[in-house]
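Novice: Structure incoming, see below.
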Amino acid sequence: MIDWLWVRVVCEAAGTLRPGSIVSITADGEIEWQTPKWLQARGSHDCTLAARARPGELELSGSPAKFLQGHNAFGSDDLRALAREIIARACTSLGVALTPDEQSRVDQGEVQLLRVDVNYSFVTGGRANALAWIRAAEQHGYLQHRGRGMLKGTTVVWGAKSRHWQIKAYCKGQEIEATNHHLPAELAHRDLVTEWCNDKLRIELQMNARYLRERGLRHVRDWESDTPAVLHSEHLSKLALNGEVKIEQKHLVELPRAVQQVYQLWHSGADVRALMSARSFYRHRRTLLAHGIDIAVAVPGARSNVVPLIRYVEAVPASTPSWASGTAILWEPLRQAG
């Protein structure tokens, strides 16, 4: 899905907006620079897009999914249709209108892109699995051209300071529990959306203006229907996740003694599943998953501490739930066009 769009569109009527300016003044009282303040265009469930008016132009920045649906648990990756729709609704919210010529330019994709975020979710089978993948990826994942990841809370980011592109991975179920990401209380099917998010590992690709220009993707017209998925897959393929997953001694001693013993047996190559009851096995597995260790995976004999972490990403990507189709919580381009 497209999770963020920053677009710039020709709009002479934007000059009628008076948001004020942010100004930098030197010690001598001279103006160094000034830039218009951002306005708020309101959409579904009071979710907003940031809007900035420049001479003859209007910039919009934010999550199209939240703006149109009230949430970004799932949504469309049809960038062309999303751009048209958010521009139309934002203009209505701001009280400005495009001329017929300006609307024709939008319809033809003559809209400049300053940032595009594309993400897809993966089913992990449980939140503990998603969080274990993130922790292990931070410790042992390596992204071509970006190196090791950086952990911020429970989000791992590769290329955090890059002005071109970056990748981040996080647990969507955990994100929507954060204060500034709560689902709107009045959102239809809110409980179902929350349940759907619970075990989802989300991997997000952020592409900034410089990168979009280098790739020839600076305008909406440059994007085909499969471009978001192709770009996401291309960058994800650069992420090497196999590595030596081993609990550090300082963390090992903090675990209950029984769990320490199970870990030591597993690390030595023993089939711990056969040494205990199913109930005990899954209890210990749940504890160790929080440390990036999955004792359900046999340790290869050649390298006794290698865990094939990539298995989670190789799972079938999460599909948009069928119960959301045809409801207000899923903006569907084809349905809207009809």
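The values are calculated or read from the model by the stated rules, or taken from the named source; none is laboratory data. Given the structure is predicted, the values throughout are model-derived calculations rather than measurements. Glycine also receives a Cβ, built like all others from the backbone with ideal geometry; neighbour counts cover every protein chain displayed. Note: areas computed on protein heavy atoms with side chains; ligands, DNA, RNA excluded. Shrake-Rupley method; radii C 1.70, N 1.55, O 1.52, S 1.80 Å.
Novice: Would you mind working out the magnitude of the charge dipole of the chain relative to its Cα centre, with +1 at each Lys and Arg C-beta and -1 at each Asp and Glu C-beta, to the nearest 20 Debye?
Specialist: Charge dipole of the chain: 1100 debye, to the nearest 20.
Novice: Moving on. Keeping all protein chains in place and using 1.4 angstrom, which order do TRP38, TRP158 fall into by accessible surface area, from largest down?
Specialist: The most accessible residue leads, giving TRP38, TRP158.
Novice: In addition: Just list whichever of LYS37/LYS161; LYS66/LYS161; LYS66/LYS200 have alpha carbons separated by over 23 Å in the model shown.
Specialist: Pairs exceeding 23 Å: LYS37/LYS161; LYS66/LYS161.
Novice: To the nearest 10 square angstrom, what accessible area does ASP107 show with a 1.4 Å probe?
Specialist: ASP107 exposes around 90 Å² with every protein chain in place.
Novice: Go ahead and set up a Gaussian network model of the chain, Cα springs under 10 Å, then flag whichever of GLN144, GLN69, GLN34 fluctuates most.
Specialist: GLN34
Novice: Turning to a different aspect of this structure: Could you look at the range 82-133 and say what percent of its accessible area is carbon and sulfur, using a 1.4 Å probe and all protein chains?
Specialist: Its accessible area is 49 percent carbon and sulfur atoms.
Novice: For GLY20, what charge total do you get from the other residues with a beta carbon under 12 Å from its beta carbon, if Lys and Arg give +1 and Asp and Glu give -1?
Specialist: The answer is +3.
Novice: Once the dipole of the range 66-160 is set up with Lys and Arg at +1 and Asp and Glu at -1 on Cβ about the Cα centre, which of GLY109, PHE67, ALA160 lies farthest towards its positive end?
Specialist: The residue sitting farthest along the positive end of the dipole is ALA160.
Novice: On to the next question. Please report the accessible area of THR155 (heavy atoms, 1.4 Å probe, ligands and nucleic acids excluded) in Å², nearest 10.
Specialist: Number for this one is 40 Å².
Novice: Report the residues of the range 52-71 in range of a label on THR99: point 7 Å along Cα→C-beta, backbone N strictly under 18 Å from it.
Specialist: 54-59
Novice: With a 1.4 Å probe and all protein chains kept in place, how do TYR170, TYR142 rank by accessible area, largest first?
Specialist: Ranked from most to least accessible, the order is TYR142, TYR170.
Novice: Based on the alpha-carbon gyration tensor of the range 24-160 and its eigenvalue square roots a ≥ b ≥ c, which shape applies: rounded if a/c is under 1.5, prolate if not and a/b is larger than b/c, or oblate?
Specialist: Since a/c reaches 1.5 but b/c is at least a/b, the shape of the range 24-160 is classed as oblate.
Novice: Going out from 0 in 20 Å bins, what whole percent of all Cα-Cα distances in the chain drops into each bin?
Specialist: 27, 49, 20, 3
Novice: Right, next: Take every Cα-Cα distance within the range 89-189, group them into 10 Å bins from 0 onward, and report for each bin the whole-number percent of pairs it holds.
Specialist: Bins of 10 Å from zero give 12, 28, 25, 22, 11, 1 percent of pairs.
Novice: At a probe size of 1.4 Å, how large is the accessible area of GLU30, to the nearest 10 Å²?
Specialist: GLU30 exposes around 120 Å² with every protein chain in place.
Novice: Computed FRET efficiency, Cβ-Cβ of THR35 and TYR142, R0 56 Å: what is it to the nearest 0.05?
Specialist: Plugging the Cβ-Cβ distance into 1/(1 + (r/R0)^6) gives 0.90.
Novice: Among all the aspartates and glutamates, which ones have a C-alpha under 13 Å from LYS172's C-alpha, if same-chain residues fewer than 8 places away are not counted?
Specialist: Cα-Cα hits under 13 Å: ASP3, GLU195, ASP199, GLU204.
Novice: Please list the non-local residues whose amide H lies under 5 Å from the amide H of LEU183, H modeled 1.01 Å from N, same-chain partners needing a gap of 5 or more.
Specialist: Those lying under 5 Å, H to H, from LEU183: there are none.
Novice: So if I place +1 on the C-beta of Lys and Arg and -1 on the C-beta of Asp and Glu, and nothing else carries charge, what would the dipole magnitude of the range 13-56 be about its Cα centre? I want it in debye, nearest 20.
Specialist: 320 debye
Novice: Averaged per residue, what accessible surface does the range 108-210 expose to a 1.4 Å probe, in Å²?
Specialist: Heavy-atom accessible area per residue stands at 42 Å².
Novice: Here's another thing I want to ask about it. Which of ALA41, ALA328, ALA27 moves the most in a Gaussian network model of the chain with Cα springs under 10 Å?
Specialist: Residue with maximal mean-square fluctuation among ALA41, ALA328, ALA27: ALA27.
Novice: Roughly what % of DSSP beta bridges within the range 1-88 run antiparallel, to the nearest 5?
Specialist: Of those bridges, close to 100 percent are antiparallel.
Novice: Taking the chain as a Gaussian network, Cα atoms linked when under 10 Å apart, which of SER93, SER63, SER280 shows the biggest mean-square fluctuation?
Specialist: SER280
Novice: Here is a further query. Heavy atoms only, probe 1.4 Å: what % of the accessible area of the range 1-81 goes to carbon and sulfur, would you let me know?
Specialist: The computed percentage sits at 48.
Novice: At a threshold of 8 angstrom on Cα-Cα distance, excluding pairs fewer than six apart, so keeping six or more, what relative contact order does the range 141-246 reach in percent?
Specialist: 29 percent
Novice: Another question, then. Could you tell me the calculated FRET efficiency between ARG163 and GLN264, based on Cβ-Cβ distance and R0 = 41 angstrom, to the nearest 0.05?
Specialist: Using R0 = 41 Å, I get an efficiency of 0.35.
Novice: Under 8 Å for C-alpha pairs, at least 6 residues apart: give me the relative contact order for the chain, rounded to a whole percent.
Specialist: Result for the chain is 20 percent.
Novice: Find which of LEU275, LEU58, TYR120 sits farthest along the positive direction of the dipole of the chain, computed with +1 on the beta-carbon of Lys and Arg, -1 on that of Asp and Glu, about the Cα centre.
Specialist: Looking along the dipole axis, the top candidate is LEU275.
Novice: Assuming R0 = 45 Å, can you tell me the calculated FRET efficiency for the pair SER21 and ASP222, based on Cβ-Cβ distance, to the nearest 0.05?
Specialist: Approximately 0.90, to the nearest 0.05.
Novice: Evaluate the charge dipole of the range 28-107 about its Cα centre and quote only its size in Debye, nearest 20, assuming +1 on the Cβ of each Lys and Arg and -1 on the Cβ of each Asp and Glu.
Specialist: The dipole magnitude comes to about 360 debye.
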